[in-house]
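Below is one structure, written out as structure tokens; the observations come after it.
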Amino acid sequence: MVEFVYKNYPGKNFINEIKIAKQLDFNCIEFEFKQSLDTINVKSISQELYENNLSCILHVDYMLTNIVNYKSITKSNLKEILKYFDLAKKFRCKKIGIHLDSLNSSNKFYYQRGIEMLYALSDYSRKKGIILMGENGWRSNIDFLKKIKQDVPGLKFLMDIGHLNLLQESNPFDNYIETFKDIIEHIHIHDNRGSREFDLHLPIGTGNIDWKHVLKLLRGINYNKTITLEFHPSDIFYLTYSRDFLYRMYPNCA
């Protein structure tokens, strides 16, 4: 059964975000952190999740996945990312998302260094019993993602629908779902107007994505896992409206 997920607003109080998720009747929250995990009050967040009976998904900060020429910085970033797996255990979290865009380089050196890091994380995640998911960015075309799948066997994918809409390709949704349907573990939903310069993260229906078509494709592969509504409107109405639209369009939702 598909489960809709609330996304925290990075930088806002984590406890308040958990309370909002519960008030809106979400059963799961996706956390993205824009700060060192060492500064987070893990005990209070863990307790709040438990008291509100919320499961969670973690998402690694995009900046930690940047591949640079200095091996010491890459090692430092890897060390920081590994902390997410310890945090996942404390939060009883089974999924961690990580961006793939930084690996999309014509420079073979940067790509290979990125693959080595991703492979190490994928191997570590299996040992920890946590699912690592690679998220497509606005530069992650289908051919690039095919190469990632080949080079890091066992990696699951986080399908970001808004980012797919920014690709200058024909039928990106059809191609992605048909190509990776067996490894899609989680989905981010948000809207935009298709310009590669603007990853707007709009509520459903306020951009130009054909949501009826996208949801029909997902129904066609019997997708039944988690979907995060990844936008932060100033008026909560747009969040609940988008979720209600998904309830109507997608059967067997939770």
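Brief remarks follow.
- Residues (modelled with pLDDT under 95, surrounded by fewer than 20 Cβ atoms within 10 Å (Cβ to Cβ) and not polar (S, T, N, Q)) located in segment 224-242: H232, P233, D235, I236, F237, Y238, Y241
- Looking at R219, R139, just one residue is of a type in the set (K, R) and either surrounded by 20 or more Cβ atoms within 10 Å (Cβ to Cβ) or under 28 Å from F26 (Cα atoms) (or both), and that residue is R219.
- Evaluation of D199 against the conditions (1) over 19 Å from the mean Cα position of the chain (by Cα); (2) within 18 Å of M159 (Cα to Cα) shows that the sole unmet condition is (1).
- Number of residues in segment 88-139 that are of a type outside the set (F, W, Y) and over 17 Å from the mean Cα position of the chain (by Cα): the value is 20.
- Applying the condition of being part of a loop (DSSP other than H, G, I, E, B) and hydroxyl-bearing (S, T, Y) to segment 191-244 and asking which residue is farthest from M1 (Cα to Cα) yields S195.
- Only listed residue being crowded, with 16+ Cβ neighbours inside 10 Å and farther than 23 Å from A21 by Cα, chosen from D210, D199, D174: D199
- Subset of segment 23-36 (residues that are surrounded by 18 or more Cβ atoms within 10 Å (Cβ to Cβ) and not β-branched (V, I, T)): F26, C28, E30, F31, E32, F33
- Segment 1-14, subset in contact with a helix residue (DSSP H, G or I) (Cβ under 8 Å, 6 or more places away or on another chain) and over 14 Å from F33 (Cβ atoms), residue surrounded by the most Cβ atoms within 10 Å (Cβ to Cβ): Y6
- Any hit, segment 61-75, residues being buried (at least 18 other Cβ atoms within 10 Å of the Cβ) and assigned to a loop (DSSP other than H, G, I, E, B): yes
- Of all residues in segment 7-49, those satisfying the criterion of being in a helix (DSSP H, G or I), among the charged types (D, E, K, R) and more than 19 Å from T226 (Cα to Cα) are K19, D38, K43, E48.
The values are calculated or read from the model by the stated rules, or taken from the named source; none is laboratory data. All values derive from a computational prediction rather than experimental measurement. All Cβ positions, even for glycine, are placed from backbone atoms using ideal geometry, and neighbour counts span all protein chains on display.
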